[in-house]
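Notes follow the structure.
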């Protein structure tokens, strides 16, 4: 009754399946009206108790972009060390496109979140979930616009907070690299590079009790 | 170059803007092939380091569904008390459709997540973000299918873990109510009921430094 037309449904699924976490970008400018549509799509996301915890910082200062890249590079090396036997393999991966992408945003959780209790009394992390839904909206909208988006979470949040003068109780969650791309990866890059493989969906679905396969 | 057709783009934005957190459901059955498509859409989500932390438990046992409802009802009352002066207002809201919806799922973070370091060394909550992206995919796909979905986070996770025999280090994050609906809300129900209002998007976007409006 409320279903979209077959063509519309197919378009929604197309975006879901063709969306990729991009790390390779072309320098071409992203039209301002496209960026506006992406941010509007983010703001149409659900949020727990309608708290709308998302904040976006657009990075237009070139030296600041360079400093953000340095913060990510530091964490990339620390992550590689923490990965022990996979250190070299990890260091060969391209994990971000901060200096190449046209548009750089930092997405963060706002300050003063403790006043929001609805749906968060026992699960305070629902603010993270709300921000992630907003970014997923942007990601799918970007794919439909033909624009690539990459979510980088390789950084020390305290370092990034200092660079951006963020309040103590806010939390940066994503460095978003946005830009035109030569092509979208056919599969997630970490799958293409054999870092990890897609799990069988049926093994992730249980019935009534953990570990019991669906009939 | 990689942009979808105007009609396809419009369909993606339509789902983004018409998606609602539903709490009112019709009893009609959700076709199994639709549920499969929703779960496949979830599994196409991005995840940090491709960890795919999402697990779904389908609740088909009627007495178990009733017990889950009781756990939510307990938390609903505790949340109301915690909301102090808004207690009565909160108690008048319909916050879940657990007993009415046709299909009930619990979405959870898997166990043994500490082995996943990529993108999580400094931001371990990226697992929550990945699961939320998966649920947002389901939500948008459901809207295109004409199916309502509601995310309930009013529960004590330890109680839910006991009911579902979940490992200590897994975490239930969402009770997902899925079903046909008479109509989708025109606006988020919490906006319709004047619980909260949509913020001005421009007030949520800064440039280079926190609190500085974009030029």
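We did not get these values from a lab; they are worked out from the coordinates using the rules stated. Because the structure is predicted, anything quoted here is derived from the model rather than measured. Positions of Cβ are generated from backbone atoms using ideal geometry, with glycine treated the same way; all protein chains shown enter the neighbour counts.
Odds and ends about this structure:
- Taking the centroid of alpha carbons for each part, region B:104-168 and region A:138-215 are 14 Å apart.
- The mean sequence distance of close C-alpha pairs (under 8 Å, at least 6 residues apart), as a share of the length of chain A, puts its relative contact order at 33 percent.
- Of all DSSP beta bridges in region B:15-185, antiparallel share, percent nearest 5: 95
- Packing order of peptides A:2-12, A:173-183, highest average first: A:173-183, A:2-12 (average count of other Cβ atoms within 10 Å over each peptide's residues).
- Efficiency of FRET between residue B:17 and residue A:77 - r from beta-carbon atoms, R0 35 angstrom, step 0.05: 0.25
- In nanometers and ordered shortest first, the copy-to-copy spacing of the residue B:197 label point, defined 7 Å from Cα toward Cβ, is 5.5.
- With a 10 Å cut-off around each Cβ of B:52-65, the average count of Cβ atoms from other chains is 4.
- Kirkwood-type radius of the protein assembly as shown, with distances r between different C-alpha atoms, in Å: 21.8
- Burial ranking of peptide ranges B:103-109, B:120-126, A:75-81 (average Cβ count within 10 Å, highest at the top): B:103-109, B:120-126, A:75-81
- Cβ crowding within 10 Å averaged over residues, with B:31-43, A:130-142 ranked highest first: A:130-142, B:31-43
- Between residue A:114 and residue A:169, full extension at 0.36 nm per residue minus the direct alpha carbon distance yields a gain of 18.9 nm.
- Helix-only [θ]222 nm of the protein assembly as shown, DSSP H runs n ≥ 4, -39500 (n - 2.57) each, per residue, nearest 500: -12000 deg cm²/dmol
- If R0 equals 30 Å, the separation of the Cβ atoms of residue B:86 and residue B:158 corresponds to a calculated FRET efficiency of about 0.70.
- Antiparallel DSSP beta bridges within the protein assembly as shown, as percent of all bridges there, nearest 5: 85
- Once the C-beta distance of residue B:62 and residue A:100 is scaled by a Förster radius of 60 Å, the resulting FRET efficiency is 0.65 to the nearest 0.05.
- Taking every residue in A:138-151 and counting other chain Cβ atoms within 10 Å of its Cβ, the average works out to 4.
- Alpha carbon centroid spacing (whole Å) that separates region B:27-48 from region A:3-50: 19
- Mean shadow area of chain B over all directions, Cα convex hull, nm²: 15.5
- Neighbouring partner chain Cβ atoms per residue of A:22-34, average, 10 Å criterion: 0
- Inter-copy spacing of residue B:214 label points, which lie 7 Å from Cα along Cα→Cβ, given in nm from shortest upward: 4.0
- Out of every Cα-Cα pair that region B:63-130 contains, those further apart than 20 angstrom amount to 55 percent.
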